[in-house]
Amino acid sequence: MYRHMPTCPQRPFSRNRLDWLFNPPPAEAETEEFRHDLVARIRRQIADGVYETPEKWQAALERLAEELQ
């Protein structure tokens with residue numbers, strides 16, 4: 001199952017489908033502002049090896065277990 005987040009189009013799009021031509025997804029500028037500072041901070045954390053923590057893994061596993069029930 002693929003869950004679309006609020007910033008995604010209301011349905012999946014495929015370039016092979018005709019609705020892509022008539023109802024393209026909104027451009028990035030139309031959806032919300034790109035947060036360069038957030039992306040840079042997370043990239044630094046990943047490079048430093050501190051982004052993934054045991055607490056984050058535990059929270060992710062708990063969310064996954066809830067979805068599977």
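Here are a few things to note about the model shown:
- Using a Förster distance of 25 Å, the FRET efficiency for ARG41-LEU61 (Cβ separation, nearest 0.05): 0.55
- Taking amide hydrogens as placed 1.01 Å from N in the peptide plane, the amide H of TYR51 sits under 5 Å from those of ILE46, each at least 5 positions away in sequence or on another chain.
Computed from the coordinates by the stated procedures, all read-outs in this text should not be read as laboratory data. The shown structure was predicted, so the numbers you read here are calculated from the model rather than taken from an experiment. Glycine gets a Cβ as well: all are built from the backbone with ideal geometry, and neighbour counts include every protein chain shown.
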